[in-house]
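Enquirer: Below is a structure I'd like to ask you about.
The values are calculated or read from the model by the stated rules, or taken from the named source; none is laboratory data. Computed from a predicted model, the values in this text were never measured in an experiment. So basically every Cβ, Gly included, is an ideal-geometry build from the backbone, and we count neighbours across all protein chains shown. Ligands, DNA and RNA are excluded from the accessible area calculation, which covers all protein heavy atoms including side chains. Shrake-Rupley method; radii C 1.70, N 1.55, O 1.52, S 1.80 Å.
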Amino acid sequence: MLGQMMKVPLTIPSLLEFAARYHGDCEIVSKTVEGPIHRYDYAGLARRTKQLANALCGLGLGDGDIVGTLAWNGYRHLELYYGVSGIGAVCHTVNPRLFVEQIAYIINHAEDRYVFTDLSFVGLLEGLADKLKKVQGFVVMTDRAHMPSTTLRNALCYEELLAGQPETFDWSIVDENAAAALCYTSGTTGNPRGVLYSHRSTVLHSMAVNFADSLALSARDAMLPVVPMFHVNAWGIPYAAPVAGCKLVMPGPNLDGASLTHLMESEAVTISAGVPTVWLNLLAHIKETGKCPSRLNRVVIGGSACPPAMMEAFEKLGVRAVHAWGMTEMSPLGVINQPTRRTEALAADQRRELALKQGRPLYGVEIKIVDGAGVELPFDGTSFGSLKVHGYWICDSYFRQEPVAAHDEPGWFDTGDVATIDADGFVKIVDRTKDVIKSGGEWISSIDLENVAIAHPAVREAAAIGRTDEKWGERPVIVAVLKPGATATAEEIRAFYRGKVGKWCEPDAVLIVESLPHTATGKLLKTELRRLYGQAR
Ligand code: AMP
């Protein structure tokens, strides 16, 4: 017997329509590439998105067409998120920090028909345009006054494209399973892989972002996503904030500590989200100036493990650091660390230790850990194995690609992470499978070693890698960058490990360097570090 309830498709335009109607005057504030601050609200977003939708149809775009974007977090990018998927096309956010060859590969692989670009990336695209044969035209996301003279073919000006278009549009989506957005993983080896989100997966993920024990965005919050809209849809925040009626503060290209703290203060930001490298800069700036944004009460930290020193620094500022874990293939939210009634009653040091784990699954995500033979391991907080996931917003196969080993077990996706899960369901990411240091029969977590180094008062950032070793296979080596003006010798940092980790985990060497290489999404580039420092000496 079938239920007798309405079958209303879960579609992205419904998020926007709800926000426009019930949170119409809630502000969206953007620091623009052109310089000034731009302000409007969800009602304004809806009006302009409909103009954009009409303009996109006018360009001949529609069902299943792919539209690329190279843009910072800002209101025009937000309009593309909704306008492109609203006409049945796919919004393909391209990470401009990737190597140019990868950008060309991604745009060609996706067969983007149009590419929308912020002023910042016009030069980059001009250098590539010859390789992007299938792109019919480029739209520069600016007004006539700032429109550059460009060699890009069929270059259009965004504001001119919208001007005069009707502010009404009949959202055409009927199938909630239609593709809506596309992101490529920045993979450190091989070509990037496309993850194709559907309307349904995006809407369900947005709801989960807003759960009380998730990011808990509300109509009293002002959210500044530092995480870029070109990296896993800024963790789904551009879709989740509107339905919560949460003010959105978009930082544009200015992601340094000074710009972020200034914008957070002036816009009364209560919550922000980003990767640890961003917070390193922000915390350094706050320390220097002694000024923490006065309304900020929580920051979401993910993308890489949050070091204990970072969590403590936020705690001292009265800001709760919420640890979360996910990946491009998971839209991205998988687990998030919020206390339960039981864990809240624990002693302060136990609570602190627990807060460093990545957290518990959200409803909608199933998790398990398995050993090398695929046998499921217990949730005991000590057994560790490959972390596999299953759920409403998890990638079933990669876009235009043959099946890969990660999808070998039907219904499960192998995340490539190694983790423990405790009896309460708290996940601790031990490492990426590829980054774990295999010394003799033991596995050493590079994350644990990095956390110790960062707790040293002179260390700003550190990477732990396995250096090939004749006797042990691999031995841990720390590559560290010191804080400006700080002094510490390699030997002092090495000595700092004593008593903090098992004897066999103590690094064989500490190398002090000027800077560490990062990926396009702000993670430590371990492949390059291993190339530079990973060979036996
Ligand atoms: P991406 O698809 O670029 O978002 O990268 C996903 C990967 O980042 C995950 O598979 C993890 O290896 C890593 N990651 C994300 N969040 C965390 C976290 N909180 N702690 C440790 N690693 C993380």
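Enquirer: Restricting to the range 339-357, name every residue that is among the β-branched types (Val, Ile, Thr) and either open to solvent by 50 Å² or more (accessible area, probe 1.4 Å) or over 12 Å from Asp422 (Cβ atoms) (or both). Write out each step before concluding.
Expert: Filtering the range 339-357 for residues among the β-branched types (Val, Ile, Thr) gives 340, 343.
None; the set is empty.
Enquirer: Could I ask something else about it? Hey, does the range 485-494 have a residue that's among the acidic types (Asp, Glu), at pLDDT 95 or above and either over 22 Å from Phe384 (Cβ atoms) or open to solvent by 30 Å² or more (accessible area, probe 1.4 Å) (or both)?
Expert: Within the range 485-494, the first condition is being among the acidic types (Asp, Glu), and the residues that meet it are 491-492.
In the following step, the residues that additionally are at pLDDT 95 or above were identified as 491-492.
When the remaining residues are screened for being either over 22 Å from Phe384 (Cβ atoms) or open to solvent by 30 Å² or more (accessible area, probe 1.4 Å) (or both), the result is 491-492.
Yes, some residue in the range 485-494 is among the acidic types (Asp, Glu), at pLDDT 95 or above and either over 22 Å from Phe384 (Cβ atoms) or open to solvent by 30 Å² or more (accessible area, probe 1.4 Å) (or both).
Enquirer: If we scan the range 14-26, do we find a residue that is out of contact with any His (no Cβ under 9 Å at 6 or more places or on another chain) and closer than 26 Å to Gly123 by Cα?
Expert: no
Enquirer: Being within 30 Å of Asn108 (Cβ to Cβ) and not in a loop (DSSP other than H, G, I, E, B) is the filter here; which residues of the range 390-410 pass it? Steps first, answer last, please.
Expert: From the range 390-410, those within 30 Å of Asn108 (Cβ to Cβ) are 393-408; that's our starting set.
Selection gives Ala405, Ala406, His407.
Enquirer: Just to be sure, is Val365 in contact with a Gly (Cβ under 7 Å, 6 or more places away or on another chain) and closer than 21 Å to Ser206 by Cβ? Please lay out each step first, then the result.
Expert: Working: in contact with a Gly (Cβ under 7 Å, 6 or more places away or on another chain): yes; closer than 21 Å to Ser206 by Cβ: yes.
Yes.
Enquirer: Hey, another quick one. Kindly indicate which of Glu474, Glu506, Glu461 is of a type in the set (D, E, K, R), within 26 Å of Gly302 (Cβ to Cβ) and open to solvent by less than 60 Å² (accessible area, probe 1.4 Å).
Expert: On the way: Glu474 fails: within 26 Å of Gly302 (Cβ to Cβ); Glu506 fails: within 26 Å of Gly302 (Cβ to Cβ).
After applying the criteria, what remains is Glu461.
Enquirer: Those residues that are closer than 22 Å to Cys183 by Cβ and in contact with a helix residue (DSSP H, G or I) (Cβ under 8 Å, 6 or more places away or on another chain), I need them from the range 347-397; list them, please.
Expert: Leu362, Gly364, Val365, Val389, Gly391, Tyr392, Trp393, Ile394, Cys395, Asp396, Ser397
Enquirer: While we're on this one: Take the residues in the range 206-244 that are polar (S, T, N, Q) and surrounded by fewer than 24 Cβ atoms within 10 Å (Cβ to Cβ), then tell me which one is farthest from Arg76 (Cα to Cα).
Expert: First, the residues of the range 206-244 that are polar (S, T, N, Q): 206, 210, 214, 218, 233.
From what is left, the residues that are surrounded by fewer than 24 Cβ atoms within 10 Å (Cβ to Cβ) are 210, 214, 218.
Details: Asn210: 23, Ser214: 27, Ser218: 23 Å.
Residue satisfying both the conditions and the ranking: Ser214.
Enquirer: Among the numbered criteria (1) more than 17 Å from Arg220 (Cβ to Cβ); (2) surrounded by fewer than 21 Cβ atoms within 10 Å (Cβ to Cβ); (3) touching an Asp or Glu at 6+ places or on another chain (Cβ under 9 Å); (4) among the small types (Gly, Ala, Ser), which one does Ala309 miss?
Expert: (3)
Enquirer: Can you pull out the residues in the range 502-530 that are within 24 Å of Trp325 (Cα to Cα) and not basic (Lys, Arg)? Spell out the reasoning first.
Expert: In the first step, residues of the range 502-530 are kept if they are within 24 Å of Trp325 (Cα to Cα); the result is 516-529.
Of everything in the range 502-530, those that are within 24 Å of Trp325 (Cα to Cα) and not basic (Lys, Arg) turn out to be Leu516, Pro517, His518, Thr519, Ala520, Thr521, Gly522, Leu524, Leu525, Thr527, Glu528, Leu529.
Enquirer: Asn254 versus (1) surrounded by fewer than 24 Cβ atoms within 10 Å (Cβ to Cβ); (2) touching a Ser or Thr at 6+ places or on another chain (Cβ under 9 Å): which is the lone unmet condition?
Expert: Going through (1) surrounded by fewer than 24 Cβ atoms within 10 Å (Cβ to Cβ); (2) touching a Ser or Thr at 6+ places or on another chain (Cβ under 9 Å) one by one, Asn254 breaks only (2).
Enquirer: Let me ask another. Checking Leu525 against (1) within 16 Å of the ligand (Cβ to nearest atom); (2) of a type in the set (A, V, I, L, M); (3) open to solvent by 50 Å² or more (accessible area, probe 1.4 Å), which single condition isn't satisfied?
Expert: So the condition that Leu525 fails would be (3).
Enquirer: So is Val452 closer than 23 Å to Ser304 by Cα and open to solvent by 10 Å² or more (accessible area, probe 1.4 Å) or not? If you could, list the steps in order and put the result at the bottom.
Expert: Details: closer than 23 Å to Ser304 by Cα: yes; open to solvent by 10 Å² or more (accessible area, probe 1.4 Å): yes.
Yes, satisfied.
Enquirer: Any residue at all in the range 398-409 that is under 20 Å from the mean Cα position of the chain (by Cα) and more than 14 Å from the ligand (Cβ to nearest atom)?
Expert: Yes, some residue in the range 398-409 is under 20 Å from the mean Cα position of the chain (by Cα) and more than 14 Å from the ligand (Cβ to nearest atom).
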